[in-house]
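Values quoted throughout were computed directly from the atomic coordinates according to the rules given, and no laboratory measurement underlies them. Keep in mind that this is a model prediction, so the values were computed, not measured. Please note: Cβ atoms are built from the backbone with ideal geometry, for glycine as well, and neighbour counts cover all protein chains shown.
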Amino acid sequence: MSIIMREISAVSGLPDHMLGLAGSNPTSADSIRASEATLTAKAEARQGIFGRSWRQVAQLITAIQTGADPASVDVGVKW
């Protein structure tokens, strides 16, 4: 089972401690942050992609509520 979980970790970028693969020694905060760096980078990359889509949704909602042109609505997405 451990081999499969390690393969999942390698493919997904999930740190071992998030999959319950912690060793007998507790890990330090610095090593946890370092192990989560890949996952954090993936999440930040997706924020840019999804942010544009949610911005368009917000423009359409605001345009419908106010009757304005969606292109003229100035909204932003804050994660």
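Among 16, 30, a tally of other beta-carbon atoms within 10 Å of each Cβ gives an order, fewest to most, of 30, 16. A simple spin-label model places pseudo-atoms 7 Å from Cα toward Cβ; at residue 27 and residue 7 they are separated by 2.1 nm. About its Cα centre, the dipole of segment 3-79 is roughly 80 debye, where the only charges are +1 on Lys and Arg Cβ and -1 on Asp and Glu Cβ. Annotation: extensible slack from residue 39 through residue 65 equals 5.6 nm (criterion: 0.36 nm per residue apart, minus Cα-Cα distance). For segment 36-51, 3J(HN,Hα) computed residue by residue from phi via the Karplus equation (6.51, -1.76, 1.60; θ = phi - 60°) reads 8, 4, 5, 5, 5, 5, 5, 5, 5, 5, 6, 4, x, 5, 6, x Hz, glycine and proline entered as x. Of 79, 54, the sequence from fewest to most neighbouring Cβ atoms within 10 angstrom is 79, 54. Placing +1 on the Cβ of every Lys and Arg and -1 on the Cβ of every Asp and Glu, with nothing else charged, gives segment 36-79 a dipole about its Cα centre of roughly 120 debye. Computed over the alpha carbons of the chain, Rg followed by Dmax gives 20.0, 61 Å. Karplus-derived 3J(HN,Hα) values for segment 8-13, using 6.51 cos²θ - 1.76 cosθ + 1.60 with θ = phi - 60°, are 4, 4, 5, 6, 7, x Hz; glycine and proline are entered as x. Listed from fewest to most Cβ neighbours within 10 Å, the set 11, 73, 57 follows the order 11, 57, 73.
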